[in-house]
Each structure stands twice: as structure tokens, then as C-alpha cells.
1. Taking the stretch 13-43 only, how many residues are open to solvent by less than 80 Å² (accessible area, probe 1.4 Å), part of a helix (DSSP H, G or I) and in contact with a strand residue (DSSP E or B) (Cβ under 9 Å, 6 or more places away or on another chain)?
2. Which residue, of Ala177, Ala136, Ala125, Ala183, is within 19 Å of His36 (Cα to Cα) and among the small types (Gly, Ala, Ser)?
3. Quick one: in the stretch 2-12, of everything that is part of a loop (DSSP other than H, G, I, E, B) and in contact with a helix residue (DSSP H, G or I) (Cβ under 9 Å, 6 or more places away or on another chain), which residue is most open to solvent (accessible area, probe 1.4 Å)?
4. Name the residues in the stretch 10-25 that are more than 15 Å from the chain's Cα centre (by Cα) and either modelled with pLDDT of 95 or more or not charged (D, E, K, R) (or both), would you?
5. From the set of residues in the stretch 81-99 that are open to solvent by less than 10 Å² (accessible area, probe 1.4 Å) and more than 8 Å from the chain's Cα centre (by Cα), which is nearest to Gly121 (Cα to Cα)?
6. Show the residue pairs that are 6+ apart or on different chains and have beta-carbon atoms under 7 Å apart, the first residue being within the stretch 136-164 and open to solvent by 20 Å² or more (accessible area, probe 1.4 Å), the second being at pLDDT 90 or above and of a type in the set (Lys, Arg).
7. Which residue is surrounded by the fewest Cβ atoms within 10 Å (Cβ to Cβ), if the candidates are limited to the stretch 100-125 and must be over 20 Å from Gly184 (Cα atoms) and either hydroxyl-bearing (Ser, Thr, Tyr) or more than 11 Å from the chain's Cα centre (by Cα) (or both)?
8. Would you be able to say whether some residue in the stretch 96-111 is in a strand (DSSP E or B), within 15 Å of Glu178 (Cβ to Cβ) and modelled with pLDDT of 95 or more?
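The values are calculated or read from the model by the stated rules, or taken from the named source; none is laboratory data. Since we're looking at a predicted model, the values are computed, not measured. Positions of Cβ are backbone-derived with ideal geometry, glycine not excepted, and every protein chain shown enters the neighbour counts. Note: areas computed on protein heavy atoms with side chains; ligands, DNA, RNA excluded. Shrake-Rupley method; radii C 1.70, N 1.55, O 1.52, S 1.80 Å.
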Amino acid sequence: MEEPSENLSSDRVELRRWRMTDLDVLEQAIYESLDHLVPWMPWAASHGRQQTVDFLARSHDEWETRQAFGYAITSGATVIGSCGLHRRIGAGGLEIGYWIHPRWTGQGLATMAASGLVSQGFQLAGIDRIEIHHDAANPASGAVARRLGFTEIERIQVPEGPCAPGEVGIDVVWRMAEDQWRAGAPEHAQRAT
């Protein structure tokens, strides 16, 4: 398969491809999540509506060129976060990223969304590994990787140092190999819809 499904279901969350019509709901979710995002996401500190427009346009373009596949994380009809598969770690690999609105944290929803991304990512042609990268000061992101059975493979001092106020500038890299995932994929793995 060359590109993932535009709609995925993973336990209690639905993932759907971002659309330009999501501008208002995404802008609201980001605005309500800024205190939660600013420590970890460099873009959040100077975020504004134009950046949301640019993100949605870039998401569309990256999907069309198969460089990244961005999804809204929804529960019911509510947008509760964002996630994606990104071709930025070299041939055969995808990196996944995610964030959840603080009102929805602590319920395993980021783990469910990440599980859906991993399952879908390994259905793409030529993908043999998926990674999660996060700053060492962000244990919540590491907890998602750990719950899904990823293996921490290294910690790298980021040459430019911390990029966001909560970071310490040490990138933690977690990896899941395709055969490892297939051998123990969680029961709540995604379903394409």
C-alpha cells in the first residue's frame, strides 16, 4: 500500500485525515491546549491562526507527496488532538508524533491513536521500523512508547539544545520493528474505515 487509509479506528478514538474545513476546530483545540503544548512543541509558543492555516495546507501537500500523513484525533465528533506518520528518519522508517488536548489526557487515548498509526504504518510498502522521538523531560510521550512495546534505542544530545521551554535537549528515540509489532500487536490496534 502506498498511502494509509484516510480514516482509522483504534479502540475509543477515530483518526481522520486533516481537512481545510477543520480550521476552526483545530484552532480551538490548539488554543485550549497551549499551556500543555508550549513546554514541548516549539511551534506552540508563537502559534496563531495563520500557522493553523499553514499546517492544514502543509498536511494536504505532504499527504499528496506521501511525505507525511496527518490525522485529527477525534472522540465522538470532537477533535481532541493531532497525530501523524512522518517520513523523516530515512528509508524504511516512519516517525510518529501526537498530542492530546489536556482535557482528554490520562485516559490512554494517545496510546490508542499511536497504536492505530503503527498498525497503519506497517501496512505501507517498504516500512520496516517506526520510531517515536521525544525530549527526555517529557515522560508522558515515553509512556506511550513503553505501553505499546517500543524499545528505547538511544538518547541523543540535540546539537542546537532545547527547542521548547520544557525541554532539556536530549532526544529519546524509541523503535518498533515490523516483526516485533506483528508478534505482539495490541488488541486495540486500528481498523481502517
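1. Selection size over the stretch 13-43: 8.
2. Within the list Ala177, Ala136, Ala125, Ala183, the selection yields Ala136.
3. Let us first name the residues in the stretch 2-12 that are part of a loop (DSSP other than H, G, I, E, B), namely 2-6, 11-12.
Add one more test, that the residue is in contact with a helix residue (DSSP H, G or I) (Cβ under 9 Å, 6 or more places away or on another chain), and what stays is 3-6, 11-12.
Numbers: Glu3: 59, Pro4: 5, Ser5: 30, Glu6: 83, Asp11: 80, Arg12: 119 Å².
Per the stated criteria, the residue is Arg12.
4. As a first pass, look at the stretch 10-25 and keep what is more than 15 Å from the chain's Cα centre (by Cα): 11-12, 19-25.
Within the stretch 10-25, Arg19, Met20, Thr21, Asp22, Leu23, Asp24, Val25 meet the criteria.
5. The residue in question is Leu94.
6. Ala136/Arg155; Thr151/Arg175; Ile153/Arg175
7. Residue satisfying both the conditions and the ranking: Ala125.
8. Restricting attention to the stretch 96-111, the residues satisfying the condition of being in a strand (DSSP E or B) are 96-100.
Keeping just the survivors that are within 15 Å of Glu178 (Cβ to Cβ) gives 96.
Filter again for modelled with pLDDT of 95 or more, leaving 96.
Yes, the stretch 96-111 contains at least one residue that is in a strand (DSSP E or B), within 15 Å of Glu178 (Cβ to Cβ) and modelled with pLDDT of 95 or more.
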